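Below: one structure, written as structure tokens.
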Amino acid sequence: MKIAKSVEEAGELAGKILGMKLVTHQTGPEGRIVHRLLIEETLPIEKELYLGILSIAARASRCSWHRPRAAWILSRWPPNGRKRS
């Protein structure tokens, strides 16, 4: 993630990032070429929350996790883990 202070700086950063090889723990040592960027306006953040949802079709259940602070909280739906009728 890069934060630009102006539209011009955002354009410069985008020009540097597009086409570069990105190597992270998710891509592995071979990396991946950057073809797309998501550019958003920065806004003041009052509270940060991480949320993920995993749907397991075979079990007709969902699992969600969220992180309000430092610890992850894991929950299941339906709560008892049984299939919904």
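Here are a few things to note about the model shown:
- A search for C-beta distances below 7 Å between a residue of the stretch 4-21 that is in the same structural domain as residue 36 (by TED's automatic domain parsing) and any residue that is of a type outside the set (Asp, Glu) and loosely packed, with under 11 Cβ neighbours inside 10 Å, counting only pairs 6+ apart in sequence or on different chains, returns 19/33; 21/33.
- Extreme residue, nearest to residue 1 (Cα to Cα), among residues of the stretch 11-38 that are modelled with pLDDT under 90 and under 17 Å from the mean Cα position of the chain (by Cα): 24
- Residues of the stretch 22-56 that are of a type in the set (Gly, Ala, Ser) and either assigned to a loop (DSSP other than H, G, I, E, B) or in the same structural domain as residue 5 (by TED's automatic domain parsing) (or both): 28, 31.
The values are calculated or read from the model by the stated rules, or taken from the named source; none is laboratory data. Everything numeric here is computed off the predicted structure, so don't read it as measured data. Every residue, glycine as well, gets a Cβ built from its backbone with ideal geometry; the counts of neighbours run over all protein chains shown.
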